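The values are calculated or read from the model by the stated rules, or taken from the named source; none is laboratory data. Nothing here was measured: the structure is a model prediction, and the numbers come from that model. Note that each Cβ is placed from the backbone with ideal geometry, even for glycine, and that neighbours are counted across all protein chains shown.
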C-alpha cells in the first residue's frame with residue numbers, strides 16, 4: 001500500500017498542505033488577515049478536490065467521509081455548523 005510520505009510505488013505525488021500553503025503565499029488559518037468563513041471556503045475547495053480524487057480511485061467510503069467534511073465546510077462558509085444545530089436540539 002502506498003502512502004503520501006514514502007512514495008514507494010509510482011503514482012501521484014502529494015505535498016503536505018503546509019508546503020502547498022507556504023509556497024502559494026496563502027495566509028494560514030490562524031493568520032489575522034483571514035476570517036473563519038474564508039478559511040472554511042479554502043478548506044471546502046480542497047475537500048471537493050479530495051472527494052473527486054477518492055471517487056475517481058473508487059474509494060467510495062473515503063469519498064463519503066470527505067463529503068461529510070465538504071458539507072460541514074459549506075455550512076461554515078455561511079456562518080453555521082452542523083455540530084451547533086445538533087446541540088441546540090428540541
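Name every residue in region 46-55 that is without any contact (Cβ under 8 Å) to a residue 24 or more places away in the chain and touching a helix residue (DSSP H, G or I) at 6+ places or on another chain (Cβ under 9 Å), in order of residue number.
Matches in region 46-55: 48, 50, 51, 52, 53, 54, 55.
Among all residue pairs at least 6 apart or on different chains, which show Cβ distances below 6 Å where the first residue, located in region 67-82, is without any contact (Cβ under 8 Å) to a residue 24 or more places away in the chain and on the phi > 0 side of the Ramachandran plot and the second is assigned to a helix (DSSP H, G or I) and surrounded by fewer than 17 Cβ atoms within 10 Å (Cβ to Cβ)?
If the second residue must be assigned to a helix (DSSP H, G or I) and surrounded by fewer than 17 Cβ atoms within 10 Å (Cβ to Cβ), no pairs are left.
Within the bounds of region 58-68, is there any residue that is at pLDDT 60 or above and over 17 Å from the mean Cα position of the chain (by Cα)?
Scanning region 58-68 turns up at least one residue that is at pLDDT 60 or above and over 17 Å from the mean Cα position of the chain (by Cα).
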